[in-house]
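The values are calculated or read from the model by the stated rules, or taken from the named source; none is laboratory data. Given the structure is predicted, the values throughout are model-derived calculations rather than measurements. We place every Cβ from the backbone using ideal geometry, glycine too, and count neighbours over all the protein chains shown. Accessible surface areas use protein heavy atoms only, side chains included; no ligands, DNA or RNA. Shrake-Rupley method; radii C 1.70, N 1.55, O 1.52, S 1.80 Å.
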Amino acid sequence: MVDVNDYNNEYENKWCPGCGNFGVIAAMKDALVKQAIAPHQILLISGIGQAAKLPHFMKCNMFQTLHGRALPIATGARMANHDLNIIVNSGDGDCYGEGGNHFLSAVRRNVDITLLVHNNKVYGLTKGQASPTSDMGMVTKIQRHGVISEPFAPLSVALSLGAGFVARGFAGDTEHLSYLIVEAMAHRGFSLIDILQPCVSFNKVNTYAWYKKRVYKLEETGYRPDDFEEALRLARQWGDRIPIGIVYREEKPTFEDKIPGLKEGPIISRRYDASKVKQLFT
Amino acid sequence: MSIDITVKIGGEAGQGIQTVGDLLALVCRKAGLYIMAINDYESRIRGGHSFFQIRIADRPVTAPHHKTDLLVALSRRTIDLHEKELAEGGLIMTDQAEDGEKENLVSIPINDLAVEAGGKITANTVAAGVCLSLLGAPFNLYREVLSEHFSKKSDKVIQDNIKAAELGYKAVEKRVFHRAFHWDFGQPKGMLMDGAKAVAYGALAADCRVAAFYPMSPATGIMAELIARSDVFPIVVEQAEDEIAAVNMIVGASFAGARAMTSTSGGGFCLMTEGLGLAAMSETPIVIVNAQRPGPATGLPTRSSQSDLLFVIRASQDEFPRFVFAPGTVAEAYESMLRAFDLSERYQVPAIVLTDHYMHTSVWLNDTELTVPDVVERHIADKPADDPDNYNRFAVSTSGISPRIIPCTGEALIVSTGNEHREDGHISEAIDDRIAMVDKRNAKMKAMTAEMAPPEALFGDAGTLLVGWGSAGGAIREAVELLRDEGYDAGALLFADIWPFPADAVENRLKQCKRFLMVEMNSTAQLGSLIREQTGLAHSGTILKYDGRPIYPVEISDGFKRIME
Ligand SMILES: Cc1ncc(C[n+]2csc(CCOP(=O)(O)OP(=O)(O)O)c2C)c(N)n1
Ligand code: SF4
């Protein structure tokens, strides 16, 4: 039996009290326990930022890497061993800004990993600059006259690149988020959960209360996430009403399925054969 | 009489001059001869001017020769550009001139003969046939090579090519070329190899399992070799979205337990430097091949250089141990890959193999036996399984090496990060942790330095030593021969192991000579600077070439004489 306490460690948590990341980590632990996955059976990979610190606050295998680079690291890890169960924790700046090209490519490859983007619509760790997902007009100490670029739309971008699992979660609804994580991990192929995550220190617009007034659960509307056009519409819905839940789901061959060399199992489990090398010289 | 003949085939990109060269090389190999061939081309797919230059000899040759005995001109421009390189009595074979234009000109209607043989596509076979006939090669030898070379094609293709060969031979039947010789040198002396192949084979012999790259000349050839063999070997190769992804993919793959490599050239290496730092900080072994080309930014994409030495030694911020190898021959390139993989795992540090365009695209007949390990030792700890709760990925030790495990293979948990960290892998900003981790990483340097081979000495007790590294070694070797034949007291020191710098051995060697001169393919003598930094010894002259073209032995011997006067 895996217990939620198995996932607790003694490392000091460094988030601000009330940060939305607490909801994310609670949902993750809950989802892992529900799937009876023990800490040594999971690998968390993250980049840099407040979100990317999450793996340190959980007892498990982890590799916190570079700003923006968690996805190629995870892709490489899966190339080596596609039996690994990998969750990537990333921030909106980390994933959609610094790592934008990797995000596009990971979706297109359909690497079988679960990507959780803690989207607080701001750069938390570097103290409140605008992020790629900040809404137009949002004022920060750097963007003194408000953000002047269109926000990056992760769900629509992922959908248009052929993503097979696209969901939006809310850090203020742990139970629902846990359900999404379980579904995402069960999905064969790349799965994205963009998580609306309040940043109590730097985002004074998109607060818990702001979200609570607006979010509604797709599961409660009878929506079935297999209609691509409808998914695109929902992905763009923002403002007074914001959908959370599974926006789109479609299983397709994964990156790993499509590599002939991986048919016989993880590449690290294959045998070295000196005679094959010798044959190169004949 | 010793055989040393240079054939140069010039034409436009897309004309297949490389095929002519390949056929000549195969016939020479079969005849028991040695060859060394260079490929010169522009960064374009069609048109322009390119050439393939093959040196044929009855003993090992390590560099190209500056004179051409037989110039095969498939374009008018080839004659204009290269006529002046003709050796005394040299011939030009061309389809570009009217008959009898000049005495040293053999005019052959190559395309017409090809059409007669079965199609224009056999023109290269005709051209090679003309060359071989002029050089006195037995026709049977050529026929056998053609049958082998086209063995996977249809009978018609083979027959057409043999016909083309015959027509080529016949066309110069009556011509006497004074460089013709008797082709009888016994069994093949080894295998034809270019640097790209040597590096790729080395990686396979080292049991590399994952490779990721972003296309960039001249490094892509390595990946093409690996991909071509991925049905037989357990290896996955991925074309990444950029070099940043490529290096991080291999860090991820290595972290997950696979030997992993990437290859690139300078510009791509620039993008990889942060990932290099991550490998260092997380003590994840990786191998990066940097195939140098000249110029900052995009530079000269299809030319060669040795100008990244100081860059790769220092690349990425802060300080950390790494290995840097700069092989000088194809055999060394192969062995460097074996060592790079092994040492990077043994010490849990990144390893960089510095090659260059010249090495990657030139072909040598390698007669050195290459190591094939029977087992590949992975340096992975098994102990943590006994006591998983007390496993620390970055446990401090006198050697600086901590037990490395593979995630999800047991109960022990691996915690790793690119941030500065504690022994257990969690982030720490504590003063003690920072100092302990820097010291731990640096502690590896002592044993790493002991792994480095001293530079190879040729006539090491000579008064004046030519000092170089990497692929310039071949030309330096021959320059020493030239100089000694002329009575100069010259020797050489050739570096293949660059970093950690084998300072003591170098100092001992250099202290014995009267003076040493740096021979490098860069404009500031980078190895010279490094030697001075590491040993306090200064060179007294330089022979530098940074035009992107290969260096010829005579350029070095001439430079030597200029300095000595
Ligand atoms: C190469 C590089 N550039 C910049 C930084 C500084 N940096 C650290 S985190 C961060 C942005 C974090 O924002 P986000 O990814 O949204 O995560 P959050 O902290 O909001 O969770 C930046 C710019 C860095 N660590 N590395
Ligand atoms: S700055 Fe924002 S995102 Fe970072 S810990 Fe504090 S509340 Fe959370």
Summing -39500 (n - 2.57) over every DSSP H run of at least 4 in chain B, dividing by its residue total and rounding to the nearest 500, the 222 nm mean residue ellipticity is -11500 deg cm²/dmol
So for region B:453-564, what percent of the C-alpha to C-alpha distances run longer than 24 Å?
14
Inter-chain Cβ neighbour average for residues B:395-408, partner chain, 10 Å:
2
Once you charge only the Cβ atoms, +1 for Lys and Arg and -1 for Asp and Glu, what is the size of the charge dipole of chain B about its Cα centre, to the nearest 20 debye?
880
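Once R0 is set to 35 Å, what does the formula 1/(1 + (r/R0)^6) return for the Cβ-Cβ distance between residue B:420 and residue B:377, expressed as a FRET efficiency to the nearest 0.05?
0.70
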Across bins of 10 angstrom width beginning at 0, how are the C-alpha pair distances of the protein assembly as shown distributed, in whole percent?
2, 12, 20, 20, 17, 13, 9, 5, 1, 0
Let me cross-check residue B:176: its accessible surface, 1.4 Å probe, with only protein heavy atoms counted, in Å² to the nearest 10?
130
Protein-only accessible surface order, largest first, of A:259, B:45 at 1.4 Å
B:45, A:259
Assigned charges on the beta-carbon of Lys, Arg, Asp, Glu; region B:453-564 dipole about Cα centre (debye):
260
Residue B:488 accessible area, nearest 10 Å², 1.4 Å probe?
80
So which trypsin sites (Lys or Arg not before Pro) in region A:40-146 pass both tests, a DSSP loop state and at most 16 other Cβ atoms within 10 Å of the Cβ?
A:127, A:141, A:144
Within region A:1-160: Cβ-based charge dipole about Cα centre, in debye rounded to nearest 20 (Lys, Arg +1; Asp, Glu -1):
320
On a 0 to 90 degree scale, rounded to 10, what angle separates helix A:174-186 from the longest Cα axis of chain A?
30
Please list log₁₀ I(q)/I(0) at q = 0.05, 0.06, 0.11 Å⁻¹ for chain B, using the Debye equation with identical point scatterers on the alpha-carbon positions.
-0.24, -0.34, -1.01
R0 of 56 Å, Cβ-Cβ distance residue A:241-residue B:514: FRET efficiency to nearest 0.05
0.05
Calculate how steeply helix B:123-134 sits against the longest principal axis of the alpha-carbon atoms of chain B, using the helix alpha-carbon long axis, and give the answer as 0 to 90 degrees to the nearest 10.
70
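Residue B:317 to residue B:386: FRET efficiency via 1/(1 + (r/R0)^6), r the Cβ-Cβ distance, R0 30 Å, to the nearest 0.05?
After rounding to 0.05, the efficiency reads 0.20.
Would you mind checking the pairs A:276/B:8; A:278/B:446; A:121/A:212 and listing those with alpha carbons more than 28 angstrom apart?
A:276/B:8; A:278/B:446
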From most to least accessible, 1.4 Å probe, no ligand or DNA/RNA atoms counted, B:244, B:380 line up as B:380, B:244
Given charges at Cβ of Lys, Arg, Asp, Glu: region B:140-235 dipole, positive-most of B:169, B:196, B:217:
B:169
What's the average, rounded to a whole number, of partner chain beta-carbon atoms within 10 Å of each residue's beta-carbon in B:195-204?
1
Rounded if a/c under 1.5, otherwise prolate or oblate - region A:1-89, Cα gyration tensor axes
oblate
iface B-A | buried accessible area, total | probe 1.4 Å | Å², round 100 | 4400
Fraction of accessible area attributable to carbon and sulfur, the protein assembly as shown (%, probe 1.4 Å)
50
What is chain A by shape, rounded, prolate or oblate, if you read a ≥ b ≥ c off the alpha carbon gyration tensor as root eigenvalues and call it rounded for a/c under 1.5, prolate for a/b larger than b/c, and oblate otherwise?
prolate
Under 13 Å Cα-Cα from residue B:444, which aspartates and glutamates qualify once same-chain neighbours fewer than 8 residues away are excluded?
B:283, B:319, B:345
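Going by the alpha-carbon gyration tensor, a ≥ b ≥ c the square roots of its eigenvalues, is region B:255-361 rounded (a/c under 1.5) or, if a/c is not under 1.5, prolate (a/b greater than b/c) versus oblate?
It is oblate, given that a/c is not under 1.5 and a/b is not larger than b/c.
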For residue B:291, what residues show an amide H to amide H distance below 5 Å, using hydrogens built from the backbone and excluding near sequence neighbours?
B:264, B:265, B:355
Which value, in Å² and to the nearest 10, is the accessible area of residue B:504 when all protein chains are kept and the probe is 1.4 Å?
110
List the residues of region B:139-172 whose backbone N lies under 13 Å from a point placed 7 Å from the Cα of residue B:116 along the Cα-to-Cβ direction.
B:163-172
Tell me, what does the Kirkwood hydrodynamic radius of region B:304-358 come to in angstroms if you use every pair of distinct C-alpha atoms?
11.9
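Which of the pairs B:84/B:170; A:258/B:383; B:67/B:561; A:263/B:383; A:127/A:217 have their Cα atoms more than 25 Å apart in this structure?
In this structure, B:84/B:170; A:258/B:383; A:263/B:383; A:127/A:217 exceed 25 Å between Cα atoms.
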